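Comments concern the structure below.
The values are calculated or read from the model by the stated rules, or taken from the named source; none is laboratory data. Predicted, not measured: the structure shown is a model, and the values here were computed from it. Quick reminder, even Gly has a Cβ in these numbers, built from the backbone with ideal geometry, and neighbours come from all protein chains shown.
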Amino acid sequence: MASKKTIIAFAHRGEARAFLSEYSCKPTSFKENLFFKEDLYLLIAGEGIYRAINELSHTIGILQALYSDSPLEIFNFGICGALEKDILIGEVRKIRSIYSTDSVGEPQFKSFTHSSVKRDPQELATTSDIITSHKRILDSNDRETIRNFAPLVDREAWGFAYAADAAGESLKAFKLVSDYADAEVCQVVKEQAREWSESLLETYLSLAPSPEALEAPELPQGLSVLHITLSQKRRLINLLRALELKGIKSDEAFQLCGLQELLRQEKRSKEITKDLIQNLHALVYPLNAALEDRLQKQVAPLKKVGFQVKFDQDLEREILHLGATLSSVDQIQRIQAALGEFDFEQYVRLLRGQDVH
Amino acid sequence: MFTKIFIEKELLDAPVTQSIIERFPSLPLKLIHRVDDVFGKVKKPYLQKRENLSLFIGKKRGTLIKEAPQAYGLAGEPHYYFIHAYNCVYECEYCYLQGYFNSPDIVLFINHDDIGKKIVETCSLHKKDVDQGKKIWFHAGEFSDSLALSHLTNELPFYFNLFRDLPEAILELRTKSANLKELLKLQPLENVITSFSLSPKDRIKKTDLKTPPLATRLNCLKQLQDKGFPIAIHLDPVIHEDRFEETYENLVESIVAQLGTEKIRYISIGVVRFTSKVFHQVKKNYPESELLAAEFRSSFDGKVRYPRPFRLWLLGKIKDICLKKGFSEAQIYLCME
């Protein structure tokens, strides 16, 4: 598998300072606010939600075009304001859910949550939700309104999460609390920029490799001899996963499906794969398989005389669709006989759950 | 349990509000204009209820009583449910609440007088049914557990007093909770039925997270029965598994051994079902759940459930078990089918 590319998005150069220095990143040739070293990309997006969305979307688009086989991991590191006084200035918080307000300060419905937040007390103590505001929060009324939704506020996180989500990725965000969202803080931030950037870098360096870095699920070794299309692979993985949820591991599943017997058959590899999927399906969904079997047996005489037979798609209605092309008197007579012998009441009993097992 | 309490300003001085505040003296309080200004305004992930659950105290506005869907209760009589709370402290993997509201936060509505007036009004619309000897049913526990937070809400005495004067009506308190303390302080009424949802014990362990185990629920039913409270049972949701018939035989046997059959007012049987939105949430919230390997289909009406032949087979099997163990046909009804 191609190597993972990591994007770390920042709003301001000051936030990125320690990272740029640590990794000796150079500007890319194709985007002046994007810096890189090997597989690491540092984006300085600028302030505000729209810049965050635009710049990160652009960056993801370029990297996906250049490195289509490489998985992406996307971070946002930056500063934020605290809306609760029990959170200390200088603390770095892992972000769990990201909310937002719209341009008139109303909360926006859409939110983004990172599921990797562990629920142990130690991790929870340093985890917070955040709300991204369209404007700087300097007014106490604004502060009171958004405090209802999250204890931290910033200007970009939701935009970064939106861009990541649109590209099918998730965002991991870490924020350093720089103020209490109650005063002009620019000067304070400037003075503390180097120190705070280093705190953020420390946090990044302490992160364990993410589970997403592991390889995507592959099929067990035993199937390597078979010809398997991409869609069949997906189906097999889903079926094996469903069996795992039922407590049946792959090896046992293959045994129960008679994989070895299938492999010994003198059939084309494609057909063996099809049979295997069918057998696994019956193992995952035995009731469905039993019902399907009973229904097929019930309508077999109709199929034998040339009818195309269709059940109600959801099996909710007690109907049977029959289609035929009539081509001879003899055939019509055979059809009449088959219809006369068809036990519709028995068919309905099956659809009512009677005689199924 | 809670991390913050939001209170509608006009309800701050209400006795029940004050008693809740006294129970949680260290929690931050936030006064708001209306619950709707905050609750559900943003999409709060369902599983955040585990460590970041807020409590809202508010007034229910708009529709207070709703007509229940067909097959919600015993056939032949009108059924309604009333809305006294949103969300539940329990965490059942199949729960539809995970796809219903935009937030798992608990909302307690404390304007029971308004709800009571609506109940009386609704009863008056059914004079003809009452003259025919029918009862008008009102169900609690549609969007919440009826008893789990009853020690906070103190609402049970109000509803008991109300229904004491409404002999033509029946109140059903649907629950999984062992929190009987407030209920047991009251005098039983013939027209107030406490009904417990029951499933096989291993099923409860696997899917009814944070709820009392089967044995506890059965003990609660026994306690209520011994004190003269009318009881009922919901075998809901039925989820198919290996040895399903055996597990349900054992369950019904336990019920009969503990409670007998005659004094159980009714047993409803309902098979698990989801809207597609809820099923999507189940996949997201509980990716290891056995429910995701179940034999569901997406149906014409958007619901995700077993195909009809199975549903009817499952329902039929359990009904047969109940009849075999001594329950009568009149006691059993199939829920939502």
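Regarding the range A:25-38, can at least one residue be identified that is under 23 Å from the mean Cα position of the chain (by Cα) and under 19 Å from A:Gly159 (Cβ atoms)?
So far as the range A:25-38 goes, no, none of its residues is under 23 Å from the mean Cα position of the chain (by Cα) and under 19 Å from A:Gly159 (Cβ atoms).
Collect the residues in the range A:326-357 that are touching a residue at least 12 places away in the same chain (Cβ under 8 Å), in a loop (DSSP other than H, G, I, E, B) and away from every other protein chain (no Cβ under 14 Å), keeping them in residue-number order.
A:Phe342, A:Asp343, listed by residue number.
Say whether the condition of being buried (at least 16 other Cβ atoms within 10 Å of the Cβ), within 9 Å of chain A (Cβ to nearest Cβ) and either under 21 Å from A:Leu240 (Cα atoms) or free of Cβ contacts under 8 Å to residues at least 40 places away in the same chain (or both) is met by at least one residue in the range B:270-284.
no
Would you confirm, using the coordinates I've provided, whether B:Ser124 is of a type outside the set (A, V, I, L, M), farther than 24 Å from B:Arg265 by Cα and either out of contact with any strand residue (DSSP E or B) (no Cβ under 9 Å at 6 or more places or on another chain) or modelled with pLDDT of 95 or more (or both)?
yes
Being of a type in the set (S, T, N, Q) and touching a Lys or Arg at 6+ places or on another chain (Cβ under 8 Å) is the filter; apply it to the range A:111-139 and report the residue that is modelled with the lowest pLDDT.
A:Ser116
Checking B:Tyr80 against (1) within 14 Å of chain A (Cβ to nearest Cβ); (2) in contact (Cβ under 8 Å) with a residue 40 or more places away in the chain; (3) outside any loop (DSSP other than H, G, I, E, B), only one condition comes out false. Which one?
(1)
Is one or more of the residues making up the range B:189-209 closer than 28 Å to B:Gly133 by Cβ, buried (at least 19 other Cβ atoms within 10 Å of the Cβ) and among the small types (Gly, Ala, Ser)?
Looking through the range B:189-209, at least one residue is closer than 28 Å to B:Gly133 by Cβ, buried (at least 19 other Cβ atoms within 10 Å of the Cβ) and among the small types (Gly, Ala, Ser).
Scan (1) crowded, with 21+ Cβ neighbours inside 10 Å; (2) closer than 26 Å to B:Tyr100 by Cβ; (3) within 11 Å of chain A (Cβ to nearest Cβ) for the single condition B:His240 breaks and write down its number.
Here B:His240 clears every test but (1).
Any idea which of B:Arg311, B:Arg297 is among the charged types (D, E, K, R), farther than 30 Å from B:Lys43 by Cβ and either surrounded by fewer than 16 Cβ atoms within 10 Å (Cβ to Cβ) or at the interface with chain A (Cβ under 10 Å from one of its Cβ atoms) (or both)?
The match here is B:Arg311.
In the range A:255-273, how many residues are touching a residue at least 40 places away in the same chain (Cβ under 8 Å) and crowded, with 16+ Cβ neighbours inside 10 Å?
Selection size over the range A:255-273: 2.
Given the criterion more than 14 Å from every other protein chain (Cβ to nearest Cβ), over 20 Å from A:Gly353 (Cβ atoms) and either of a type outside the set (Ser, Thr, Tyr) or out of contact with any strand residue (DSSP E or B) (no Cβ under 9 Å at 6 or more places or on another chain) (or both), identify the matching residue among B:Glu290, B:Glu329, B:Glu262.
B:Glu262
Within the range A:294-311, can you find the residues that are without any contact (Cβ under 8 Å) to a residue 12 or more places away in the chain and surrounded by 12 or more Cβ atoms within 10 Å (Cβ to Cβ)?
A:Gln296, A:Lys303
Answer yes if at least one residue in the range B:300-308 is buried (at least 20 other Cβ atoms within 10 Å of the Cβ), in contact with a helix residue (DSSP H, G or I) (Cβ under 9 Å, 6 or more places away or on another chain), more than 27 Å from B:Pro45 (Cβ to Cβ) and more than 7 Å from chain A (Cβ to nearest Cβ), and no otherwise.
yes
Residues that are within 14 Å of chain B (Cβ to nearest Cβ) and either at pLDDT 85 or above or over 23 Å from B:Arg305 (Cα atoms) (or both): which helices (runs of 4 or more DSSP H) entirely in the range A:219-325 hold 2 or more of them?
Output list reads A:230-245, A:250-256, A:269-284, A:286-304.
Working only within the range A:15-67, note down all residues that are of a type in the set (Val, Ile, Thr) and under 20 Å from A:Ile79 (Cβ atoms).
The answer is A:Ile44, A:Ile49, A:Ile53.
For the range B:196-219, which positions are of a type in the set (Asp, Glu) and in a helix (DSSP H, G or I)?
Result: B:Asp202, single match.
Identify, from the list B:Glu249, B:Glu245, the residue that is modelled with pLDDT under 95 and either in contact with a helix residue (DSSP H, G or I) (Cβ under 7 Å, 6 or more places away or on another chain) or crowded, with 16+ Cβ neighbours inside 10 Å (or both).
Matching residue, one of B:Glu249, B:Glu245: B:Glu245.
Cβ-Cβ under 8 Å, sequence separation 6+ or interchain: first residue in the range A:8-25 and assigned to a helix (DSSP H, G or I), partner of a type in the set (Val, Ile, Thr). Which pairs?
Listed pairs, sorted by first residue: A:Arg13/A:Ile44; A:Gly14/A:Val189; A:Glu15/A:Ile79; A:Ala16/A:Ile8; A:Ala16/A:Ile44; A:Phe19/A:Ile8.
Is it the case that some residue within the range B:48-57 is closer than 27 Å to B:Phe296 by Cα and of a type outside the set (Ser, Thr, Tyr)?
No, the range B:48-57 contains no residue that is closer than 27 Å to B:Phe296 by Cα and of a type outside the set (Ser, Thr, Tyr).
Among the listed residues B:Phe163, B:Phe143, identify the single one that is modelled with pLDDT of 95 or more and not aliphatic (A, V, I, L, M).
Within the list B:Phe163, B:Phe143, the selection yields B:Phe163.
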